1. Out of I47, I75, report the one residue that is touching a residue at least 24 places away in the same chain (Cβ under 8 Å) and farther than 21 Å from I17 by Cα.
2. For the range 54-68, how many residues are in contact (Cβ under 8 Å) with a residue 24 or more places away in the chain and surrounded by 13 or more Cβ atoms within 10 Å (Cβ to Cβ)?
3. In the range 1-41, which residues are surrounded by 13 or more Cβ atoms within 10 Å (Cβ to Cβ), within 21 Å of D72 (Cα to Cα) and among the polar types (S, T, N, Q)?
4. Restricting the range 42-53 to residues that are part of a strand (DSSP E or B) and of a type outside the set (V, I, T), which is surrounded by the most Cβ atoms within 10 Å (Cβ to Cβ)?
5. So the check is Cβ under 7 Å with 6+ separation or different chains; which pairs have a first residue in the range 83-101 that's small (G, A, S) and a second one that's exposed (fewer than 11 other Cβ atoms within 10 Å of the Cβ)?
6. Here is a check on your reading of the model: is R73 part of a helix (DSSP H, G or I), surrounded by fewer than 11 Cβ atoms within 10 Å (Cβ to Cβ) and not acidic (D, E)?
7. Have a look at H59, H66 and point out the one that is part of a helix (DSSP H, G or I), farther than 13 Å from I10 by Cα and in contact with a Phe, Trp or Tyr (Cβ under 7 Å, 6 or more places away or on another chain).
8. Quick check on this structure: which one of A28, A19, A13, A37 is of a type outside the set (S, T, Y) and in contact (Cβ under 8 Å) with a residue 24 or more places away in the chain?
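Every number here is computed from the coordinates shown, using simple stated rules; none is lab data. Just so it is clear, the model here is predicted, and its values are computed rather than measured. All Cβ positions, even for glycine, are placed from backbone atoms using ideal geometry, and neighbour counts span all protein chains on display.
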Amino acid sequence: MTADLYVSVISAAEIAIKASIGKLTLPATFETDFGGAFRSLLQRSDIELLPVDLPAIEHLRHLPLHHRDPFDRIIIAQAFARGLTVATRDRAFALYPGLDLLQV
């Protein structure tokens, strides 16, 4: 990976779910081609899409249950597996010792 910024594919899934249940309104380009619009946004912002891989799943398997949101737990596991900093407003992320956080 060469980017300095990453977004988890899990974040894309969460955005899609929230849009589908009416909790989030997306621009028209996302309504007609979610994947294309998401990839275009990442490319314009020089952000790399971070897949869920087996090293992240291994970390997920051993995470203490401080946080019940499965999407957030996967993001935490990805950060541990890749040695990345997580930018979040969620204070529950701080319950994971050793997780590098940027509170926003």
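1. Details: I75 fails: farther than 21 Å from I17 by Cα.
Just one listed residue meets the conditions, I47.
2. Going through the range 54-68, the residues in contact (Cβ under 8 Å) with a residue 24 or more places away in the chain turn out to be 55-56, 63-64, 66-67.
Checking which are surrounded by 13 or more Cβ atoms within 10 Å (Cβ to Cβ) leaves us with 55-56, 63, 66-67.
Total meeting the criteria: 5.
3. Passing the criteria: S8, S11.
4. The first filter runs over the range 42-53 and keeps only residues part of a strand (DSSP E or B), leaving 47-50.
Retained after the next criterion (residues that are of a type outside the set (V, I, T)): 48-50.
Details: E48: 14, L49: 15, L50: 22.
Checking each candidate, the answer is L50.
5. As it stands, the answer is A87/L102; A87/V104, since those pairs meet every condition given.
6. no
7. Details: H66 fails: part of a helix (DSSP H, G or I).
One residue alone meets the criteria, H59.
8. Numbers: A28 fails: in contact (Cβ under 8 Å) with a residue 24 or more places away in the chain; A19 fails: in contact (Cβ under 8 Å) with a residue 24 or more places away in the chain; A37 fails: in contact (Cβ under 8 Å) with a residue 24 or more places away in the chain.
After applying the criteria, what remains is A13.
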